[in-house]
Amino acid sequence: MTATPRSMPRPYEAFLPTLLNEASEQARRAEAVVSPHPGAPQDLTDRIERYVGDLGADIVGLSHQVFDHPELCFEEHEAAAAVARLVRSHGLAIEVGSFGLPTSFRARVGNGRPAVAILAEYDALPDIGHGCGHNVICASAVGAFLALARVASELPGSVELIGTPAEEGGSGKVLIARAGGFDGIDAAMMIHPGVYDVGTYPPQGMRTVNVVYQGLEAHAAAMPFMGRNALDAVVAAYSGISQLRQHMLPSDRIHGVILEGGRRPNIVPGRTAASFYVRSRRTETMRELSSRVQQIFEAAAHMTGTSVDVEWDPYPEEQPVRTNRVLMERYAVNMARRGRAVLGQQALEVPLNGSTDFGNVSHLVPGIHPVVAMATPGVACHSREFAAEARGPRGDRAALDGAFALASTAADFLHDAAMRAAAMAEFTAAGECVPVQTSEGKE
Ligand SMILES: [Zn+2]
Ligand SMILES: [Zn+2]
């Protein structure tokens, strides 16, 4: 018997265009972000822009090199080596293998405090390579650092380039924080490519939870009454999560997969496993949502007479990004020089969701993680289309504009004492420093 051919499933067709129209309308109406702080002297910013131009071939070359050798989390050896070669070719020192992580790196120019950290990501995704555009992130961060190195003697403070491996699973920045990587740092910044120029990042935190149900195997026909069905348990848990969705906050997300579901129909499954990501926009709501999820896992075990092991955060959880408005406004002013109108915090209320380990950094020091437009609205991050842009002219431009905006915003922060005080006051008002070591909130 042959299977009836079926047409491919299709997503809703009306929703996305509506959303994109709304977003472009919001973008059109959004007021330009301005800053009350003057930042660095104008002639310094002018020279930084010129140096980024001089470094153009190096910046774009690095972006392409990293793109052409995609490496998964914690395996980014070639990317780290490419950065080290480039930095050394400009006569600067760089350490590879910092913070106990073989593929991390750090380099510093200038002297003492205040100190700004510019963060580079360079890990790729399975199968689709740089479908998140981390090659652009890496090139912009290194480019910013090299441009600032040329004006190091004029910087009242220092700039540190930190290579942060394993953003796509692994939370490298949290491991760096735990190793003291952000001690003595006063602000942290990086850019991420996307489809709009936005000063903020979707601020969802994320936890991973793995669940294993243990039942009792038995012959499913002869003696089913001797079994306890671990598949029933994991299905009940999955259904329970599905029912929870109606009552979650609209901005929350839970998504999961069943990893083990039994082996043969004639054996009552004795062991099943699933994995879920739990996302929410605030640490407090994340805790509440996590506890609902925990209750569902336990209830499914009670229903089916099985036992359950729930493992939260096999690697560190990601906290929501806390954008520092003072820094973000200077960034937007600097990006305006590159012809980019950066939208502010509330400008785009389209559901751009996602999480990053930069969230944890933004709870340690004032930080920004703005998005630089690189792809057409409608192109999704983590897709082949997005990867193509990351290796194309728009990715190159994003890397160059990002390098300039990061370098000039870092120079602003170091030069403008009132801006620094305002950034710190905002950070303090938002809840001050949350030490990553004690922020796990395990249930
Ligand atoms: Zn990603
Ligand atoms: Zn990413």
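The values are calculated or read from the model by the stated rules, or taken from the named source; none is laboratory data. Quick caveat: nothing in here was measured; it's all calculated off a predicted structure. Glycine gets a Cβ as well: all are built from the backbone with ideal geometry, and neighbour counts include every protein chain shown.
Exactly one residue among V151, V159, V174 is assigned by TED's automatic domain parsing to the domain that holds A80, in contact with a strand residue (DSSP E or B) (Cβ under 6 Å, 6 or more places away or on another chain) and touching a residue at least 12 places away in the same chain (Cβ under 8 Å), and that residue is V159. When E49, E71, E160 are checked against the criterion of being acidic (D, E) and either within 16 Å of ligand 2 (Cβ to nearest atom) or surrounded by 22 or more Cβ atoms within 10 Å (Cβ to Cβ) (or both), a single residue qualifies: E71. Take A149 and decide whether it is surrounded by 21 or more Cβ atoms within 10 Å (Cβ to Cβ) and out of contact with any His (no Cβ under 8 Å at 6 or more places or on another chain). Answer is no for this residue.
Picking from D127, D123, which residue would you name as being of a type in the set (D, E, K, R), under 23 Å from S171 (Cβ atoms), in a loop (DSSP other than H, G, I, E, B) and free of Cβ contacts under 8 Å to residues at least 12 places away in the same chain? Break it down into steps so the answer makes sense when it comes.
Numbers: D123 fails: free of Cβ contacts under 8 Å to residues at least 12 places away in the same chain.
Just a single option satisfies the conditions, and that option is D127.
Here A79 qualifies as in contact (Cβ under 8 Å) with a residue 40 or more places away in the chain, in contact with a Phe, Trp or Tyr (Cβ under 7 Å, 6 or more places away or on another chain) and not hydroxyl-bearing (S, T, Y).
Tell me, please, whether a residue that is within 16 Å of ligand 1 (Cβ to nearest atom), assigned to a loop (DSSP other than H, G, I, E, B) and in contact with a strand residue (DSSP E or B) (Cβ under 9 Å, 6 or more places away or on another chain) can be found in region 80-103. No, there is no match, as no residue in region 80-103 is within 16 Å of ligand 1 (Cβ to nearest atom), assigned to a loop (DSSP other than H, G, I, E, B) and in contact with a strand residue (DSSP E or B) (Cβ under 9 Å, 6 or more places away or on another chain).
Okay, residues lined up against (1) surrounded by 17 or more Cβ atoms within 10 Å (Cβ to Cβ); (2) hydroxyl-bearing (S, T, Y); (3) part of a strand (DSSP E or B):
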residue	(1), (2), (3)
R263	no, no, no
P269	yes, no, no
Y277	no, yes, yes
S291	no, yes, no
F297	yes, no, no
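Checking each residue in region 163-180 for being within 16 Å of ligand 2 (Cβ to nearest atom) and either more than 13 Å from E317 (Cβ to Cβ) or in a loop (DSSP other than H, G, I, E, B) (or both) picks out G163, T164, P165, A166, E167, E168, G169, G170, S171, G172.
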